[in-house]
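Here is the structure we will look at, set down as structure tokens.
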Amino acid sequence: MDQKTFSILLEKYLGGNISQEEVNNLLDSLEDDSMRQQWETAIGGILADQAQPRRQKRPLMPYAAAAAILTLLVSGILYFTQRHEPAPKPLATQQAHTITPGGNKAILTLADGSQITLDSATNGAIAHQGNVQVIKLNNGQLAYKTDKNSSSESHYNSLITPRGGQFMIILPDGSKVWLNAATSLRYPTTFTGNTREVQLAGEAYFEIAQNAQQPFVVKVNNLEVKVLGTHFNIMGYPDEKSIQTTLLQGAVQVQHNTAAVRLSPGQQARLQDGNMTIKKDVDVEEIIAWKNGYFHFNHETLQGVMRQISRWYDVEVIYEGAVPEREFGGKIERNNSLNDVLKILELSNVHYKIKERKIIITS
């Protein structure tokens, strides 16, 4: 493709009036080093090769600028795929059908061991446990209603989101919890005693109802987070290197064995290899991006990107050969198909194949 043709396609692309065939040609051209250089020149030289291997010695442009343009690139491509027909044909290496994103999916396990698949359950009362009524609300959320005139007998329930699922629950005290994919939360149907205690595995965002007489405690493995009333996020997946507690509002105390730290808004406690550290001035928008419906990558490795994709799209990721040493920045909406997301990574020279529900990353 010559420079004149490229400039015409770029202008049409940014204006949102480009055809399917033209956008495919434009995307293909960006995989060529000379065309990528023309792209950088056309947008004022602010697009860095944000995902190039670290071993390359040519200088990078400022990372923030690269991330901003990646966001523009993502939004432009997704704008096109949502507003133009027909949809692009899958690559020869991809499966014929599109792998769709996750959604509101969860299984509720009651105290007697019986299970309710919430995404297929009808709205309204779905179970009774003693004096507690379990309700699926019209917006797909789960809530508990207690008869205050009855005894305060408590039962334990578990809410589990599968890979490719998320769900929101209003706990008996009015606290709200958003569960990310592949997450489980164990909690009582009525909070009694001196504390309100739940157990978490995976990732969840909490908005805790304030009660100074009954602190709220979240246990993640051997980590304990104690709060009175606040907003925070805990990420404790077993395949991640650390357990991260990020505070957005209020105050929390994070304790591991005898070590305890108190967080202020914008701070994050990280437990890794038995050691607790505090990171200040955290980008909280990045931390809770999953709750707000998008991926947000900031100097994220390819493995980190693919772990998030794997959980949300319920796919297995396999690496053939050495894992490319690259970093990514930008935002991608989580309601897009896996094919759309992988097409973005392909622009950064990430080579892959799709076989059934497996993504094979090649060198």
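The values are calculated or read from the model by the stated rules, or taken from the named source; none is laboratory data. If you're wondering where the values come from, they're calculated on a predicted model, not measured in any experiment. A quick note on method: Cβ atoms are made from the backbone with ideal geometry, for glycine too, and the neighbour counts reach across all protein chains shown. For the accessible areas, the whole protein counts, side chains as well, though only heavy atoms, and no ligand, DNA or RNA atoms are used. Shrake-Rupley method; radii C 1.70, N 1.55, O 1.52, S 1.80 Å.
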Vicinal HN-Hα couplings computed from phi for region 121-138 (Karplus, 6.51 cos²θ - 1.76 cosθ + 1.60; Hz; Gly/Pro x): 6, 6, 5, x, 5, 10, 6, 10, 9, x, 8, 10, 10, 9, 10, 9, 7, 4
Approximate spin-label separation Q249-K145, in nm, with each point projected 7 Å along Cα-to-Cβ: 2.6 nm
Diffusion coefficient, µm² s⁻¹, Stokes-Einstein with Kirkwood Rh over alpha-carbon pairs of region 93-213 at 4 °C and 1.567 mPa s: 85 µm²/s
Scattering curve values for region 293-361, log₁₀ I(q)/I(0), Debye with Cα scatterers, q = 0.14, 0.22 Å⁻¹: -0.37, -1.00
Stretch gain in nm, segment E240-I126, where the contour uses 0.36 nm per residue and the Cα spacing is subtracted: 37.6 nm
Region 137-209, relative contact order [Cα under 8 Å, separation at least 6], %: 31 percent
For a label point 7 Å along the Cα-to-beta-carbon line of H351, residues of region 306-322 with backbone N under 15 Å: 319-322
Relative contact order (percent, whole number), region 103-282, Cα cutoff 8 Å, 6+ residue spacing: 12 percent
Accessible area expressed per residue, region 293-361, with surrounding protein chains retained (probe 1.4 Å, Å²): 39 Å²
Label point distance in nm, D2-R262, each placed 7 Å from Cα along Cα→Cβ: 7.1 nm
Computed label-point distance, nm, for sites H299 and T98 using a 7 Å Cα→Cβ extension: 3.5 nm
Region 103-282, accessible surface, carbon-and-sulfur percent (1.4 angstrom probe): 43 percent
Accessible-area value, E153, 1.4 Å probe, nucleic acids and ligands omitted, Å²: 100 Å²
Approximate shape of region 164-234 as ellipsoid semi-axes (Cα gyration tensor, √5λ), whole Å, largest first: 19, 13, 11
Packing rank of 130-139, 218-227, where each peptide gets the mean count of other beta carbons within 10 Å, highest leading: 218-227, 130-139
Accessible area per residue, Å², region 103-282 with all protein chains present, probe 1.4 Å: 47 Å²
Cross-link table K136/K353; K176/K280; K241/K331; K279/K355; K105/K331; K219/K353, entries beyond 28 Å C-alpha to C-alpha: K136/K353; K279/K355; K219/K353
